[in-house]
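Participant: For reference, the structure I am asking about is given below.
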Amino acid sequence: MIFETLNMSGYGIYVWSSFLFTIISFVILYNVINYQLRKEQRKFNSKYSKLNSDELKLIKKQKIYEDILVFSVNTKI
Amino acid sequence: MKIISNINKFSFKAQKYIFALFLIVLSVGLVEALVLSPADYKQSESVRIMYVHVPAAWTSVGIFSTIAILSLGALIFKNKYFSTIAKSLAPSGLVFNIIALVTGSIWGKPTWGTWWAWDARITSMLVLCIFYLLFILAWRLFSNKDSILKITAIISILGLINIPIVKFSVDWWSTLHQPASITLSGSSIHSSMLLPLIIMTAAFVLFSILIFLMKYNTELIKIKNKGIDRI
């Protein structure tokens, strides 16, 4: 029964390898993007914790904290 | 800009819900595709490769079309929002394209007796993969924002010309690849095979949304980091 499921009338190697490749690709992509996200978050947390009260006030005034992306390429965020 | 602010806040929160939904839909899709759906009378069990190959190809083509429209919008309206979304969509699009090519190649061996053929559909998908790579490389290689917007817009518009070739190549030329089984006017696939195909496509779309949100948030945090550096 298990062998029949895995063998799939002789096509098992093609079917399982296709699904396995897809799942592995998903896992790799998810982990790479997740790593990049966590890295930037860590960087941000580290920089943010070093700011003094005046700098914190300044940073909260930055437009980035309201809408982050603004409709101009030349805008200094 | 309140809308953008809300979208950005939503993008942070939505990730875990989309991830959970993706896992549920993928699990149901895999059971349907590998266990419950019937074998094809002609291709036998190898038809199951369709449940990863077709959704990957559809999603990849859909993502590139979106990227091209957004890149053009970014260039015309000088809109950073569009370009950041386009940039964040590219990684999942590229991976789906590679999945479509590799699973197509695996499917080709038992069906056509060869791993690869310079068939119009397959070759145009390979060309699309090259455009994805060029788009991602452009963001990595160029630092000037104006240059990036122009270059990525050119790459994506040239790539967009390739999209109708991908879609209609099986109708325009005599190819090894079979013609489309699902069109806007209907489907020639039996419902027992159509259902897993739709579920797997939904899973692929959810995964691309998840990756997009994660990448988009990464870009937002990068911009925040630059904001701190300026102080």
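Participant: For B:LYS150, indicate whether it is closer than 19 Å to B:ALA68 by Cβ and either in a helix (DSSP H, G or I) or over 20 Å from the mean Cα position of the chain (by Cα) (or both). It would help to see each step written out before you state the result.
Facilitator: Details: closer than 19 Å to B:ALA68 by Cβ: yes; either in a helix (DSSP H, G or I) or over 20 Å from the mean Cα position of the chain (by Cα) (or both): yes.
Yes.
Participant: Looking at B:ALA180, B:ALA138, can you tell me which residue is of a type in the set (Gly, Ala, Ser) and in a helix (DSSP H, G or I)? Spell out the reasoning first.
Facilitator: Values: B:ALA180 fails: in a helix (DSSP H, G or I).
Just a single option satisfies the conditions, and that option is B:ALA138.
Participant: Let me ask another. Taking A:SER25 and the conditions (1) more than 7 Å from chain B (Cβ to nearest Cβ); (2) within 18 Å of B:ALA100 (Cβ to Cβ); (3) not β-branched (Val, Ile, Thr), which numbered condition does it fall short on, given that it satisfies the others?
Facilitator: That leaves (1) as the condition not met.
Participant: Which residues, taken from the range B:99-120, are within 11 Å of chain A (Cβ to nearest Cβ), β-branched (Val, Ile, Thr) and out of contact with any Ser or Thr (no Cβ under 7 Å at 6 or more places or on another chain)?
Facilitator: The answer is B:VAL102, and nothing else.
Participant: What tally of residues in the range B:216-230 results from selecting those that are over 23 Å from A:SER53 (Cβ atoms) and more than 29 Å from the chain's Cα centre (by Cα)?
Facilitator: Looking only at that region, the number is 0.
Participant: Among (1) farther than 20 Å from B:LEU72 by Cα; (2) surrounded by fewer than 16 Cβ atoms within 10 Å (Cβ to Cβ); (3) modelled with pLDDT of 85 or more, there is one condition B:ILE182 misses while meeting the rest; what is its number?
Facilitator: Of the numbered conditions (1) farther than 20 Å from B:LEU72 by Cα; (2) surrounded by fewer than 16 Cβ atoms within 10 Å (Cβ to Cβ); (3) modelled with pLDDT of 85 or more, the odd one out for B:ILE182 is (3).
Participant: Within the range B:21-39, how many residues are loosely packed, with under 15 Cβ neighbours inside 10 Å and either of a type in the set (Asp, Glu) or not in a helix (DSSP H, G or I) (or both)?
Facilitator: Of the residues in the range B:21-39, the ones loosely packed, with under 15 Cβ neighbours inside 10 Å are B:23-24, B:27, B:31, B:35-36, B:38.
Within this subset, residues satisfying the condition of being either of a type in the set (Asp, Glu) or not in a helix (DSSP H, G or I) (or both) are B:38.
Going through the range B:21-39 one residue at a time, the tally reaches 1.
Participant: To continue, here is another question. Restricting the range A:31-58 to residues that are in a helix (DSSP H, G or I), of a type outside the set (S, T, N, Q) and more than 7 Å from every other protein chain (Cβ to nearest Cβ), which is farthest from B:VAL95 (Cα to Cα)?
Facilitator: Let us first name the residues in the range A:31-58 that are in a helix (DSSP H, G or I), namely A:31-49, A:53-58.
Okay, now just the ones that are also of a type outside the set (S, T, N, Q), so A:32-33, A:35, A:37-40, A:42-44, A:47-48, A:54-58.
When the remaining residues are screened for being more than 7 Å from every other protein chain (Cβ to nearest Cβ), the result is A:32, A:35, A:38-39, A:42, A:54, A:56-57.
On the way: A:VAL32: 12, A:TYR35: 17, A:ARG38: 21, A:LYS39: 22, A:ARG42: 26, A:ASP54: 45, A:LEU56: 40, A:LYS57: 42 Å.
Filtering the range A:31-58 for residues that are in a helix (DSSP H, G or I), of a type outside the set (S, T, N, Q) and more than 7 Å from every other protein chain (Cβ to nearest Cβ), the one farthest from B:VAL95 (Cα to Cα) comes out as A:ASP54.
Participant: Do we find that B:TYR51 is touching a Pro at 6+ places or on another chain (Cβ under 9 Å), aromatic (Phe, Trp, Tyr) and in contact (Cβ under 8 Å) with a residue 40 or more places away in the chain in this structure? Even if it seems obvious, please write down each step before you answer.
Facilitator: Numbers: touching a Pro at 6+ places or on another chain (Cβ under 9 Å): yes; aromatic (Phe, Trp, Tyr): yes; in contact (Cβ under 8 Å) with a residue 40 or more places away in the chain: yes.
Considered against the rule, which asks whether it is touching a Pro at 6+ places or on another chain (Cβ under 9 Å), aromatic (Phe, Trp, Tyr) and in contact (Cβ under 8 Å) with a residue 40 or more places away in the chain, B:TYR51 comes out as yes.
Participant: Kindly indicate which of B:ILE69, B:ILE76, B:ILE18, B:ILE63 is out of contact with any Cys (no Cβ under 8 Å at 6 or more places or on another chain), surrounded by 16 or more Cβ atoms within 10 Å (Cβ to Cβ), at pLDDT below 95 and farther than 25 Å from A:TYR11 by Cα.
Facilitator: On the way: B:ILE69 fails: surrounded by 16 or more Cβ atoms within 10 Å (Cβ to Cβ); B:ILE76 fails: surrounded by 16 or more Cβ atoms within 10 Å (Cβ to Cβ); B:ILE63 fails: at pLDDT below 95.
Exactly one of B:ILE69, B:ILE76, B:ILE18, B:ILE63 is out of contact with any Cys (no Cβ under 8 Å at 6 or more places or on another chain), surrounded by 16 or more Cβ atoms within 10 Å (Cβ to Cβ), at pLDDT below 95 and farther than 25 Å from A:TYR11 by Cα, namely B:ILE18.
Participant: Can you tell me which residues in the range B:123-152 are of a type in the set (A, V, I, L, M, F, W, C), surrounded by 21 or more Cβ atoms within 10 Å (Cβ to Cβ) and in contact with a Gly (Cβ under 9 Å, 6 or more places away or on another chain)?
Facilitator: Once the filter is applied, which keeps residues that are of a type in the set (A, V, I, L, M, F, W, C), surrounded by 21 or more Cβ atoms within 10 Å (Cβ to Cβ) and in contact with a Gly (Cβ under 9 Å, 6 or more places away or on another chain), the range B:123-152 yields B:MET125, B:LEU128, B:PHE131, B:PHE135.
The values are calculated or read from the model by the stated rules, or taken from the named source; none is laboratory data. On a predicted model such as this, the values are computed, not experimentally measured, just so you know. When we count neighbours, we look across all protein chains shown, and the Cβ atoms used for this are built from the backbone with ideal geometry, even at glycine.
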